[in-house]
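What follows is a single structure, written as structure tokens, with notes after it.
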Amino acid sequence: MSALITNIGELVTNAPGDDGSGQDGPGDYLAASSAALVISDGLVAWTGPAARAPAADEAIDAGGRAVLPGFVDSHAHLVFAGERGAEFAARMAGLPYSAGGIRSTVEATRSATDSELSANLRRLAAEMLSQGITTFECKSGYGLTVADEARSVALAAQVTPEVTYLGAHVVPQEFGPDPAAYVELVCGPMLDACAPHAKWVDVFCERGAFDADQARAVLAAGQSAGLQPRVHANQLAPGPGVQVAVEAGAASADHCTYLSDADVDALASSATVATLLPGVEFSTRQPYPDARRLLAAGATVAIATDCNPGSCFTSSIPFCIALAVREMRMTTQEAVWAATAGGARALRRDDVGHLGIGARADLIMLSAPSHAYLAYRPGVPQIATVWQAGQPVVGGRSA
Ligand SMILES: [Zn+2]
């Protein structure tokens with residue numbers, strides 16, 4: 001079964017070399033006034049000018065609208081119970097954000113049944129898909145007991161292959177006076193219970209959470225259990241998180257709000273992606289990360305939602321793109337690249353985040369003629385159709 005999408009106003013492929021430069025990175029846009037794309041057996045089979053498109057079993061007229069790769073959200077915390085709307089309101093009324101709020105979600109999550117957790121997770125996963133996110137990462141981290149972390153990663157594995165074990169989110173209340181004992185648990189029995197369901201290991205390396213030595217221990221233990229590292233780094237203050245991430249060969253250092261020159265250099269000269277989460281700064285009223293400094297240094301930048309009930313309860317990548325453009329001075333092309341190809345880099349995936357030949361046919365059609373509308377019309381629903389592996393899963397008709 002093949003499908004031809006024709007009369008595409010702007011086709012964003014992110015495919016290396018499409019801009020003729022042979023270089024990979026922001027700006028690799030194929031933007032023609034009448035482009036076309038062929039999906040065959042769930043993959044992108046052909047892209048080019050509509051006039052030269054090959055025949056297919058079915059034709060879909062895009063009517064001049066834009067087609068982009070599906071968004072890749074490389075940072076989300078979707079396994080939880082409860083909500084923290086009152087904490088957000090208090091914060092907007094002047095209270096500061098601190099890592100401690102996580103503990104209230106831990107209590108609610110421990111008390112929830114499996115089916116309550118699963119229903120909330122599936123609702124959020126559907127919400128993400130409806131906003132064009134065709135690949136997302138999902139972390140544990142609100143259970144913080146062996147049993148509650150194990151069920152969190154097992155539930156996450158039902159909705160995505162990109163599952164992250166985040167037992168090292170915070171030290172739970174009951175270990176308050178003895179964080180070392182909690183790190184041992186995270187690196188021992190909890191890891192053993194979670195590793196079979198997870199691909200990634202993550203640690204919140206921050207004052208009030210885990211220090212550099214504890215973070216190194218957690219990542220090393222995870223790696224020896226076959227997991228790949230990623231790190232919550234430099235969110236609330238300068239700190240060692242980025243250096244720990246780069247040393248460990250992490251796929252991504254996430255947040256990157258407070259960076260030294262050495263941190264920027266380390267990111268620019270490594271394969272560790274700098275993942276920026278501007279929804280968090282919006283929702284906590286913190287300063288935004290300096291995206292231009294990272295891009296100027298040559299670091300690979302991703303944008304993700306960090307969807308979670310405390311510091312940022314949005315599942316909207318278009319909203320994060322609008323923030324990145326307006327508040328972080330990324331170009332519209334850079335922001336869209338960061339939320340697609342950048343996210344794929346942060347998950348070490350080469351089959352998604354672009355529409356090169358052979359890529360998974362994960363794509364979105366906007367109800368607008370160009371990618372710029374994602375920032376130009378902030379807050380307006382503009383995702384008309386979403387295809388996952390060639391199947392229309394939101395809007396549209398069969399492909
Ligand atoms: Zn996070």
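The values are calculated or read from the model by the stated rules, or taken from the named source; none is laboratory data. All of these numbers come straight from a predicted model, not from anything done at the bench. When we count neighbours, we look across all protein chains shown, and the Cβ atoms used for this are built from the backbone with ideal geometry, even at glycine. The area values use the complete protein model at the heavy-atom level, side chains included, leaving out ligands, DNA and RNA. Shrake-Rupley method; radii C 1.70, N 1.55, O 1.52, S 1.80 Å.
Quick look at the values:
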read-out	value
Solvent-accessible area, 1.4 Å probe, carbon plus sulfur percent, for the chain	53 percent
Label-point gap, in nm, between residue 61 and residue 265 - each point 7 angstrom along Cα→Cβ	5.9 nm
Spin-label pair residue 293/residue 224, simplified geometry with 7 Å Cα→Cβ offset, distance in nm	3.6 nm
Residue with peak Gaussian network fluctuation, the chain [Cα springs, cutoff 10 Å], from 282, 71, 204	282
Rel. contact order, % - alpha carbon contacts under 8 angstrom, at least six apart, the chain	20 percent
Cα long-axis angle, helix 317-328 against the chain (0 to 90 degrees, to the nearest 10)	80 degrees
³J(HN,Hα), Karplus 6.51/-1.76/1.60, whole Hz, each residue of region 273-290, x for Gly, Pro	7, 8, 9, 9, 10, x, x, 5, 5, 4, 7, 10, 6, 9, x, 6, x, 8
Spin-label pair residue 357/residue 329, simplified geometry with 7 Å Cα→Cβ offset, distance in nm	4.1 nm
Spatial separation of Cα centroids for region 61-82 and region 375-395, in angstrom	8 Å
Heavy-atom surface of the chain, accessible at 1.4 Å and reported per residue (Å²)	36 Å²
Separation of alpha-carbon centers, region 207-262 and region 267-328, rounded to whole Å	17 Å
Relative packing of 346-357, 285-296, 243-254, which averages over residues the other C-beta atoms within 10 Å, highest first	243-254, 346-357, 285-296
Integer Hz, Karplus 6.51/-1.76/1.60 couplings in order for region 42-58, x for Gly and Pro	x, 10, 6, 9, 7, 9, x, x, 4, 4, 10, 5, x, 6, 9, 4, 9
